[in-house]
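Below is one structure; the comments refer to it alone.
The values are calculated or read from the model by the stated rules, or taken from the named source; none is laboratory data. Just so we're clear, the structure is a prediction, and the values are computed from it rather than from any experiment. Every residue, glycine as well, gets a Cβ built from its backbone with ideal geometry; the counts of neighbours run over all protein chains shown. Heavy atoms of the whole protein, side chains included, go into the accessibility calculation; ligands, DNA and RNA do not. Shrake-Rupley method; radii C 1.70, N 1.55, O 1.52, S 1.80 Å.
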Amino acid sequence: MNASAAKRDQPLGELIARLSALHPDRIDLSLQRMQLLLQRLEHPERELPPVIHVAGTNGKGSTIAYLRAILEAAQLRVHAYTSPSLVRINECFRLGRAGGGALVGDEELRAALEHCERANAGAPITLFEIETAAAFCLFAQHPADVVLLEVGLGGRLDATNVIESPLAAVIAPIGMDHTEFLGPTLTTIAREKAGIIKRNAPVICAEQSPEAYAVIEAQAKRMHAPLHAAGQEWHAGVERGRLVYQDERGLMDLAAPKLFGRHQFDNAGLAIATLRALDTLKVDNAAFEAGIVSAEWPARMQRLASGALVDQAPPGCEIWLDGGHNAEGGRVIAAALGDLEERVSRPLVVIVGMMANKDAEGFLANFAGLTRHIVAVRIPDIDNAMSPDRLADAARALGMRVETLGGVEAALRSLARLAYEVPPRILITGSLYLAGQVLGLNGTPPG
């Protein structure tokens, strides 16, 4: 069963399955199909509120979560388009309104998708492209102050990169991922990500490797785009457990982010730097603090405190969920687990399922010093999921003890039968597809 077929039980499942059949590939990076469809739709992308466009390998979604929470705390209406969804496609489309936004409802989303389907008239187009066109239609119909637009993959040829004059381009940390589409080196990947930089629009850049930063700097210069780079024009760090941010306008001493992990201080800093670089958006210090401490983003070091899956786990254990799936994502998860271990020591078990095109050994290497207990599972109902045996081989190559089981539920039940002196800390990780299924099985989907 493929991913679209697995979603047919959802309210919009039949429509999504039909749209998925319009192109033989899930990913086919090009702007031509998107430009033709938008022309047939009479260019809704030109009728949008001001757009903040966000690219990067890791941290895009969390940065958008902080941007949205801060802007809403400043009483602004914020549309947001993010991907992928975890449980329901509606999660990708958030409509801004006074007092806080909400996910688009089933019927309004159906109408937008069917409108795009009719305009496309059966031409080849990927599901992400038609979803992006639907987002533009929805956002053009509803008034708002800002649109937060997340790149799906890469940047230069991503379906979102039809926005000609964004308010700003934001580039989160760039790492090695999707090399089959973006190229084999950080330089080639950075070149794709930097493709969202537009003439004269400010670029706000997270801390990068030297080779990635060189590409971003050169492209910003080429496009006459003011560059606001971490470590140069602005700094964000942790002092006494608080977020301290500084730029040429001054210093801000803020409470720690609600989202857990040291990397979240960096993501929050990127959001702050973005809004401080934009004179057109009026955000005061109170809104910055309120947004930082209230931002939520599911499946990023998310603690599962209750639910159907939690009930099957060892009594008294901690369960953490993170959709990280590349080496850098594994690094920041491992750092967050290290912080947890310093606070309260518990034996760590990692339940992992990944896609077949991922670097399992590079991801798992981050946990080799934290645990010797890996449980490899298959992501059910997803094409191109990595086999548990291949995952197990990667773990064994790192000297880790590993077992293979049928799925997350079986893994939790197996752990519940073990005799722990101290209830374990359980991390479920390796894929956003797996994370979405976990949230669905647990009965705690994103709202």
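Taking the full set of protein chains and a 1.4 angstrom probe, give the accessible area of GLU239 in square angstrom, rounded to the nearest 10.
The accessible area of GLU239 comes to roughly 90 Å².
Compute the label zone of LEU418 within the stretch 428-443: residues whose backbone N is under 17 Å from the point 7 Å along Cα-to-Cβ.
428-429, by backbone N distance to the label point.
Mind running the shape call on the stretch 280-395? Use the C-alpha gyration tensor, a ≥ b ≥ c as the square roots of the eigenvalues: rounded below 1.5 for a/c, prolate if a/b tops b/c, oblate otherwise. Could you put the intermediate results ahead of the total?
Details: a/c = 1.84, a/b = 1.54, b/c = 1.19.
Prolate.
Can you list the HN-Hα couplings for the stretch 239-253, worked out from phi with the Karplus curve (6.51, -1.76, 1.60; θ = phi - 60°), rounded to whole Hz and with x for Gly and Pro?
9, 6, x, 10, 8, 10, 10, 9, 8, 5, 8, x, 10, 10, 10
What's the magnitude of the charge dipole for the chain around its Cα centre, counting Lys and Arg as +1 and Asp and Glu as -1 at the beta-carbon? Answer in Debye, nearest 20.
Working: 43 positive and 52 negative charges, 42 e Å.
My answer is approximately 200 debye.
Output the peptides 319-328, 282-291 sorted from most to least packed, where packing is the average of other Cβ atoms within 10 Å over each peptide's residues.
Working: 319-328: 22.9, 282-291: 16.5.
Result, highest mean first: 319-328, 282-291.
Sequence-distant or interchain residues sharing an amide H contact under 5 Å with GLU207, placed H: which?
ALA230
Of all GluC sites (Glu not before Pro) in the stretch 353-447, which ones are in loop regions per DSSP and have a Cβ with at most 15 other Cβ atoms within 10 Å?
Numbers: sites: GLU361, GLU403, GLU409, GLU421; in loops: GLU421.
In loop regions of the stretch 353-447 (DSSP not H, G, I, E or B), the sparsely surrounded GluC sites (Glu not before Pro) are GLU421.
Considering Cα pairs under 8 angstrom that are at least six residues apart, work out the relative contact order of the chain and quote it in whole percent. Numbers along the way, then the final one.
Values: 923 pairs, mean separation 72.9, N = 447.
That works out to 16 percent.
Order TYR420, TYR213, most accessible first, counting only protein heavy atoms with a 1.4 angstrom probe.
TYR420, TYR213
Tell me, what ³J(HN,Hα) does each residue in the stretch 62-71 have, in order and in whole Hz, if you take phi through Karplus 6.51 cos²θ - 1.76 cosθ + 1.60 with θ = phi - 60° and put x for Gly and Pro?
For the stretch 62-71, the Karplus-derived couplings read 5, 4, 5, 4, 5, 4, 5, 5, 5, 5 Hz, x marking Gly and Pro.
Can you list residues from other chains, or at least 5 along the same chain, whose modelled amide H is less than 5 Å from the amide H of ALA368?
none
Based on DSSP H runs of at least 4 residues, each adding -39500 (n - 2.57), what is the mean residue ellipticity at 222 nm of the chain after dividing by all its residues, to the nearest 500 deg cm²/dmol?
Working: 16 runs with 166 residues, N = 447.
Mean residue ellipticity, 222 nm, calculated: -11000 deg cm²/dmol.
Which trypsin sites (Lys or Arg not before Pro) in the stretch 115-205 pass both tests, a DSSP loop state and at most 11 other beta-carbon atoms within 10 Å? All intermediate terms of the calculation are to be shown ahead of the outcome.
On the way: sites: ARG118, ARG156, ARG191, LYS193, LYS198, ARG199; in loops: ARG156, LYS198, ARG199.
Qualifying residues, ordered by number: ARG199.
Could you grab the relative contact order for the stretch 300-437? Cα pairs under 8 Å, six or more apart, rounded to a whole percent.
Details: 269 pairs, mean separation 51.4, N = 138.
Taking the mean separation of contacting Cα pairs over the length of the stretch 300-437, I get 37 percent.
What residue among LEU418, LEU309, LEU364 shows peak mean-square fluctuation when the chain is described by a Gaussian network model with Cα springs under 10 Å?
LEU418
Long-range amide H contacts for TRP234: which residues qualify at under 5 Å (H placed 1.01 Å from N, peptide plane, sequence gap of 5 or more or a different chain)?
Residues meeting the amide H criterion: ALA229.
For a paramagnetic label modelled at 7 Å from the Cα of GLN246 toward its Cβ, which residues of the stretch 198-239 fall within the zone defined by backbone nitrogen distances under 14 Å?
In the stretch 198-239, the label zone of GLN246 (backbone N under 14 Å from the point 7 Å along Cα→Cβ) covers 231-239.
Put PHE136, PHE181 in order of accessible area, largest first, 1.4 Å probe: what do you get? Working shown, then result.
Details: PHE136 0, PHE181 80 Å².
Highest to lowest solvent-accessible surface, that is PHE181, PHE136.
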